[in-house]
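The structure appears right after this line, and notes come after that.
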Amino acid sequence: MIPTRLKHNRKGFTLVELLVALIVTSIVLAAVATLAFAMGTADDSSNDTAVKQAQLRYATLRISELIRHSKLVCTATANHIELWLADVNEPAYIDVVPTGDGYLELQLREGSGEAMILIRQCSNIEFVPDVAAPQTRFVSILFDVEENGVMHNYQISATLRCKAG
């Protein structure tokens, strides 16, 4: 005969089962946390790239239109271009300005107005006219921009539509 106290069916988990469940749960949570961190990092990286690409598109359009609608390239040196604007009969300047963190900025100043930063944190900026000013008709601006730890080369090229006589 079986004693009555052994007949009771004990319901519940053993200590080993609880420990196994706890280990499995912690592994799943660690995987979810790692995935969330990776997704956040990828999102930050793609946002940074998107901002830089938008900035480069705007600078390309602005500089190209400015050069196209100029009457004359007055001066073109290694870090400065002076254009004579056809619409407003005043000069515009595209300058390379060093920043304190070792990078360069490409700035635009029209007339006596405030300078506007077109491209931030770039390096190796070079202005390449086809011939010496004031006979210049074609201008290229070469520069490097770092995106996600990789340097990318960019070029903005434009030709004057008409030239002052």
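Of the residues A115, A42, the single one that is out of contact with any His (no Cβ under 7 Å at 6 or more places or on another chain) and at pLDDT 85 or above is A115.
Among the residues of segment 53-81, none is identified as surrounded by 18 or more Cβ atoms within 10 Å (Cβ to Cβ) and either acidic (D, E) or touching an Asp or Glu at 6+ places or on another chain (Cβ under 6 Å) (or both). Looking only at segment 64-82, residues that are over 17 Å from L118 (Cβ atoms) and in contact with a helix residue (DSSP H, G or I) (Cβ under 9 Å, 6 or more places away or on another chain) come to 1 in all. When restricted to residues that are surrounded by fewer than 19 Cβ atoms within 10 Å (Cβ to Cβ) and either of a type in the set (F, W, Y) or at negative phi (or both), segment 83-94 contains 8.
Across segment 123-134, the qualifying residues are those that are of a type in the set (A, V, I, L, M) and part of a strand (DSSP E or B), and the one among them that is surrounded by the fewest Cβ atoms within 10 Å (Cβ to Cβ) is V128. Criterion applied to R120, R137 was being over 16 Å from K52 (Cβ atoms), surrounded by 13 or more Cβ atoms within 10 Å (Cβ to Cβ), in contact (Cβ under 8 Å) with a residue 24 or more places away in the chain and not aliphatic (A, V, I, L, M), and the one residue passing it is R137.
The values are calculated or read from the model by the stated rules, or taken from the named source; none is laboratory data. None of these values were measured; they are calculated from a predicted model. No Cβ is skipped: glycine too gets one built from the backbone with ideal geometry, and neighbour counts run over all protein chains shown.
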